[in-house]
Amino acid sequence: MQGQGLEWPLPELDDGMHIINALMSAGPMQAGAMGPAALSWQEIQAWQQSTQTPVQPHELSMLRELSCEYLDQWLKSKDRFCPSPELILPQAEIAKKLVPHIKNVLRG
């Protein structure tokens, strides 16, 4: 609790690829009534139970947020003038930006 002089220790972070791999394993999007949709909490729970993957609560939130972001970019990419994200940043630059973003999400 930060307001009372106590700080929660942050979990050790690796490169974050296990979250990306989990997202790709679950499927980054699902079919919705009016087109593609972000993964629902029910879909994430079904994936976790069927694969028996141990996942922390904050990682479940990250999976949901990443699914929303994936869908957002997928919809933007439908515009033929939208550049591919891979063409904008080299892979090393993506990794450098991913780790601080994950740390910020975990800090709240």
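So the check is Cβ under 8 Å with 6+ separation or different chains; which pairs have a first residue in the stretch 40-54 that's under 12 Å from ALA22 (Cβ atoms) and a second one that's of a type in the set (D, E, K, R)?
Close Cβ pairs (under 8 Å, with a partner that is of a type in the set (D, E, K, R)) amount to ILE44/ARG64.
Taking the stretch 1-39 as the search range and keeping residues that are over 14 Å from the mean Cα position of the chain (by Cα) and assigned to a helix (DSSP H, G or I), which one is modelled with the lowest pLDDT?
Among residues in the stretch 1-39 that are over 14 Å from the mean Cα position of the chain (by Cα) and assigned to a helix (DSSP H, G or I), the one modelled with the lowest pLDDT is GLN2.
Just checking, which of GLU69, GLU59 is within 26 Å of PRO100 (Cβ to Cβ), charged (D, E, K, R) and surrounded by 15 or more Cβ atoms within 10 Å (Cβ to Cβ)? I'd like the intermediate steps shown before the answer.
Working: GLU69 fails: surrounded by 15 or more Cβ atoms within 10 Å (Cβ to Cβ).
Testing whether each residue is within 26 Å of PRO100 (Cβ to Cβ), charged (D, E, K, R) and surrounded by 15 or more Cβ atoms within 10 Å (Cβ to Cβ) leaves just GLU59.
Going by what's in this entry, would LEU75 be described as of a type in the set (A, V, I, L, M, F, W, C), at pLDDT below 95, part of a helix (DSSP H, G or I) and touching a Gly at 6+ places or on another chain (Cβ under 6 Å)?
Numbers: of a type in the set (A, V, I, L, M, F, W, C): yes; at pLDDT below 95: yes; part of a helix (DSSP H, G or I): yes; touching a Gly at 6+ places or on another chain (Cβ under 6 Å): no.
In short, no.
The values are calculated or read from the model by the stated rules, or taken from the named source; none is laboratory data. Because the structure is predicted, anything quoted here is derived from the model rather than measured. Here Cβ is always computed from backbone atoms with ideal geometry, including for glycine, and neighbour counts include all displayed protein chains.
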